[in-house]
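**Q** Sharing a structure, written as structure tokens. Questions coming.
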Amino acid sequence: MRRPTIMPPRAGGQTLDLDVSALAHVIDNTHDPLLFAPAVAGETDTERAARLEAAADILDDLLGEIAGWSA
């Protein structure tokens, strides 16, 4: 039994043409699960802010690398 969704069903044989190379690059280069965790036990607000800022910098660097890729 199919569950109802807000997305219409794709036509038979229709495929999605998605380039997920940017997502794969980010995933391949961010292995630490604590990097983007909302909170880490025992962490102060200052430590959390520094960790999240570092994560944002890392993500920005990775996306900058992707922007330089040729299509």
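**Q** Every residue in the range 47-71 that is assigned to a loop (DSSP other than H, G, I, E, B) and either in contact (Cβ under 8 Å) with a residue 24 or more places away in the chain or open to solvent by 100 Å² or more (accessible area, probe 1.4 Å) (or both), please.
**A** Residues of the range 47-71 assigned to a loop (DSSP other than H, G, I, E, B): 68-71.
If the condition is that a residue be assigned to a loop (DSSP other than H, G, I, E, B) and either in contact (Cβ under 8 Å) with a residue 24 or more places away in the chain or open to solvent by 100 Å² or more (accessible area, probe 1.4 Å) (or both), then Trp69, Ser70, Ala71 are the ones that fit.
**Q** Just need a number here: residues in the range 10-31 that are in a loop (DSSP other than H, G, I, E, B) and either hydroxyl-bearing (Ser, Thr, Tyr) or within 18 Å of Glu65 (Cβ to Cβ) (or both).
**A** 6
**Q** When you look at Thr44, is it of a type in the set (Ser, Thr, Tyr) and loosely packed, with under 10 Cβ neighbours inside 10 Å, yes or no?
**A** Criteria met by Thr44.
The values are calculated or read from the model by the stated rules, or taken from the named source; none is laboratory data. Remember, predicted model here, so these are calculated numbers, not experimental data. Neighbour counts are summed over all protein chains in view; Cβ atoms, including those assigned to glycine, are modelled from backbone coordinates with ideal geometry. Ligands, DNA and RNA are stripped out before the accessible areas are found, and what is left, the full protein with its side chains, is counted by its heavy atoms. Shrake-Rupley method; radii C 1.70, N 1.55, O 1.52, S 1.80 Å.
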